[in-house]
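The next block holds one structure in the form of structure tokens; read it before the comments.
The values are calculated or read from the model by the stated rules, or taken from the named source; none is laboratory data. Computed from a predicted model, the values in this text were never measured in an experiment. We place every Cβ from the backbone using ideal geometry, glycine too, and count neighbours over all the protein chains shown. Heavy atoms of the whole protein, side chains included, go into the accessibility calculation; ligands, DNA and RNA do not. Shrake-Rupley method; radii C 1.70, N 1.55, O 1.52, S 1.80 Å.
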Amino acid sequence: MKIMKGWHWGTEAEVRFDQNFTRYDRLKLGVGTDYTFWKKRFKVGVTYDYLNYHDEDYFESRHRVGLKLSYTQKIQACKLSYRALFQSTFRDERRGDYKFNPKTYMRNRLTFTYNVKSQPLKLYASEEFWWRLYHPEHNIVDACRTIVGIEYDITKHQALDFYLSMDDEVQVSNPKHTLSLGVVYSYK
């Protein structure tokens, strides 16, 4: 939603289930603001997310803050964008002794979007990788995510996003590979 010229804010809510939609995994509630400049191609912003995870036998709350910079290039109905996000996630020390808290990453994402002519639909595909910054001896890329999806604009400020996500841990012992289906409601 527009605050004033160049400034926007938005909120987002997301619920994730795993094990074939039979177990609650995570709730994310987010809020953020950004400023668009230089011919609406660059955007700088800050975000805050509250995360509630179901971890084995208990629920854990986490807090995440981020600083992002993105560049977008439009070519007719297509859009190519790159986003760099510095992100720190803070865990509850009462739940355990964490070697690294917060965990800080630089997340890099490249996204291709196609706007369906005369429809409130966008088709998109993205590739993202996580560059670990919190562990000086192991400053590596340790995760990748590929997403394909469809975003449907309900109104000017509301959207539903249906996606398929493939998350892969890399360069770590016992890497996890996760395939997810998701629905995200966003207010922008």
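Below are the figures for this structure:
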| read-out | value |
| --- | --- |
| Candidates per trypsin sites (Lys or Arg not before Pro) in the stretch 61-109, loop by DSSP, up to 16 other Cβ within 10 Å | Lys99 |
| Estimated FRET transfer efficiency when R0 is 22 angstrom, pair Arg41-Leu123 (beta carbons, to 0.05) | 0.55 |
| Gaussian network model of the chain, Cα within-10 Å springs - most flexible of Thr47, Thr155, Thr146 | Thr155 |
| Fluctuation leader among Val141, Val15, Val172 - the chain, Gaussian network, Cα springs under 10 angstrom | Val172 |
| Carbon/sulfur fraction of accessible area - the chain, other protein chains in place, 1.4 Å, % | 59 |
| Geometric extent, Cα atoms of the stretch 1-56 - Rg, Dmax (angstrom) | 15.9, 48 |
| Exposed-site-free run, longest, the chain (rule: chymotrypsin sites (Phe, Trp or Tyr not before Pro); DSSP loop; at most 13 other C-beta within 10 Å) | 101-188 |
| Prolate/oblate/rounded call for the chain, Cα gyration tensor, a/c under 1.5 rounded | prolate |
| Over the chain, relative contact order from alpha-carbon pairs under 8 Å, at least 6 apart, % | 14 |
| The chain, accessible area per residue, ligands and nucleic acids excluded (1.4 Å, Å²) | 65 |
| Relative contact order, percent, the stretch 65-123 [alpha-carbon distance under 8 Å, six or more residues apart] | 33 |
| Net charge dipole size for the stretch 1-65 [Lys, Arg +1 and Asp, Glu -1 on Cβ; Debye, nearest 20] | 820 |
| Links that overshoot a 28 Å alpha carbon limit, given the list Lys5/Lys74; Lys39/Lys68; Lys28/Lys68; Lys40/Lys103 | Lys40/Lys103 |
